[in-house]
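J.: If you scroll down you'll find the structure; I have some questions about it.
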Amino acid sequence: MIRLRPATEADALQLLRWRNDPGTYRRCIVARPVGREEHLRWFRDRLRSPRTKIYILLDAAGRAAGQGRIDRGRGSCEISLGLGRESRGRGLGTAAVRALTARAFRLGARKVVATIKKDNVASVLAFIKAGFRFVRCARTRGQDVYLMEKTRCDLKMALDAASGLIDETMVAQYMRQKQMLEREAERERRPYFAPRPAYGHDQRGPGADPRHRPTRPPDRRHA
Ligand SMILES: CC(C)(COP(=O)(O)OP(=O)(O)OC[C@H]1O[C@@H](n2cnc3c(N)ncnc32)[C@H](O)[C@@H]1OP(=O)(O)O)[C@@H](O)C(=O)NCCC(=O)NCCS
């Protein structure tokens, strides 16, 4: 179990120690240790920012196991985390991803995203276990990364499944239905956004679509 406590100025040096652990900085996008002054500037700036929330990850005994961050972007939140060396490999990372994701949704995010270096096996697995899915591979600042995400709907499904309200088969069925509805909605939208060929030049033009078929002139023979 992991609880989140908002970080304060007093946590600055602990965060620096976690950040500069070789097992952590090698897995960061900026893969080098950071200096004390650089870190303090960055940390104070982040603490003041309305777009960032930094948390201390507390284990079941209330010990500080690591740090987690939520950064609000346009339409989504990005989460990232790092555990102290002695706290890794015990399932706390997975629990922390779950806790940070739930917090981001509670803060109003509709989608939570993560950028993870391809060779960071433990992190990729922790995010998969917490219900994230792969979106695509990318190259960020010279590093090969996976972009992963979890949407609010996935979270609700997972919670419902976990609480025993519905089983996994139902979750899969709902997800298929949701995708079908999304595809249907996409098809509905398309005619309004796609450029339409000029009338008469294409069989698939306005004449082919009943919504665009010109109304016939009124029959006046019996008038
Ligand atoms: C990434 C990190 C948060 C994962 O947390 P963790 O508590 O170590 O991971 P978990 O114990 O929840 O394990 C998640 C899965 O990864 C596997 N795993 C853990 N450490 C591993 C390792 N070194 N190599 C391969 N797999 C590993 C676990 O076995 C588990 O899978 P399983 O349940 O199928 O066995 C943590 O290792 C960490 O802080 N690393 C350094 C900083 C970092 O990489 N941050 C993430 C940047 S995106």
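Just so you know, all these numbers are worked out from the coordinates, no wet-lab data involved. The structure displayed is predicted, hence computed values, not measured ones. Ideal geometry is used to build each Cβ from the backbone, glycine not excepted, and the neighbour counts take in all protein chains shown.
J.: Principal axes first, then extents: for the Cα atoms of the range 3-152, list largest minus smallest coordinate on each axis, whole Å, largest first.
T.: Over the range 3-152, Cα extents along the principal axes are 35, 33, 32 Å.
J.: Express in nm, to one decimal, how much length is gained between Ala10 and Thr115 on full extension, taking 0.36 nm for each residue of separation and deducting their alpha carbon distance.
T.: Working: separation 105, 0.36 × 105 = 37.80 nm, distance 2.78 nm.
Gain on stretching Ala10 to Thr115: 35.0 nm.
J.: Leaving out same-chain residues fewer than 8 places away, which lysines sit with a Cα under 26 Å from that of Lys117?
T.: Lys53, Lys129, Lys150
J.: Ok, one more. Pop the C-beta distance of Arg32 and Thr169 into the FRET formula with R0 = 30 Å and round what comes out to the nearest 0.05. Could the numbers behind the result be given before it?
T.: Numbers: r = 47 Å, r/R0 = 1.58.
The value I calculate is 0.05.
J.: Assuming 0.36 nm per residue, please report the length gained on full extension of the stretch Ala185 to Asp160 beyond their Cα-Cα distance.
T.: 6.5 nm
J.: Based on the mean of other Cβ atoms within 10 Å per residue, sort peptides 167-178, 93-104, 57-68, 11-22 so the most packed one is first.
T.: 93-104, 57-68, 11-22, 167-178
J.: Under 18 Å from the 7 Å Cα→Cβ point of Lys129, by amide nitrogen: which residues of the range 54-74?
T.: 57-61, 65-68
J.: Cα to Cα, under 16 Å, and not fewer than 8 places away if on the same chain: which aspartates and glutamates meet these conditions relative to Lys156?
T.: Partners found: Asp167, Glu168.
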